[in-house]
Amino acid sequence: MPLSPEKHFTMIRLQCADDVLSTWDAVVQREEGLRVIDVFKGIWETYRISLTMTEKTNNRALALSPECEAAFDRRSMYISGSLTAILRRGLSRVDLLGNR
């Protein structure tokens, strides 16, 4: 399904309204025209990235919060792979949302 039946969009830049997640724009591009699935995939690709040490430091209080830990635990239930690999990957940007 095209993103818009009236216009041919090939690029969109989305910014999360959350104060922390607004740091990372989700940029979605597709020369053949954007579809709804492309937007969802672009958001997922942007916020699934593991936090860097700098990002963890900049968001230390939030990253150490019980809400963030709970979000990581919930997400980890759906990740295939060994517990070691999941723990090595660590917190992702989306985990900073906590329960929001």
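The values are calculated or read from the model by the stated rules, or taken from the named source; none is laboratory data. Owing to the predicted nature of the structure, the values given are computational and were not obtained by experimental measurement. In this analysis, Cβ positions are derived from the backbone assuming ideal geometry, glycine residues included, and neighbour counts consider all displayed protein chains. Just the protein is used for accessible areas: all its heavy atoms, side chains included, with ligands, DNA and RNA removed. Shrake-Rupley method; radii C 1.70, N 1.55, O 1.52, S 1.80 Å.
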Quick check: the angle from helix 36-47's long axis to the longest principal axis of the chain, C-alpha only, nearest 10 degrees? 30
Can you tell me the accessible area per residue over the chain, all protein chains present, probe 1.4 angstrom, in square angstrom? 71
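Can you list the chymotrypsin sites (Phe, Trp or Tyr not before Pro) in region 32-78 that are in a DSSP coil and have 12 or fewer other beta carbons within 10 angstrom?
Hits after loop and neighbour filter: 78.
What full-extension length gain, to one decimal in nm, is calculated for residue 32 and residue 44 as 0.36 nm per residue of separation minus the Cα-Cα distance? Intermediate results must be reported in sequence, preceding the final value.
Details: separation 12, 0.36 × 12 = 4.32 nm, distance 2.03 nm.
Contour length minus Cα-Cα distance gives 2.3 nm.
Taking all protein chains as present, what is the carbon and sulfur share of the accessible area of region 8-59, in % to the nearest whole number, probe 1.4 Å? The partial results should precede the final answer.
Details: 1930 of 3540 Å².
Carbon with sulfur: 54 percent of the solvent-accessible area.
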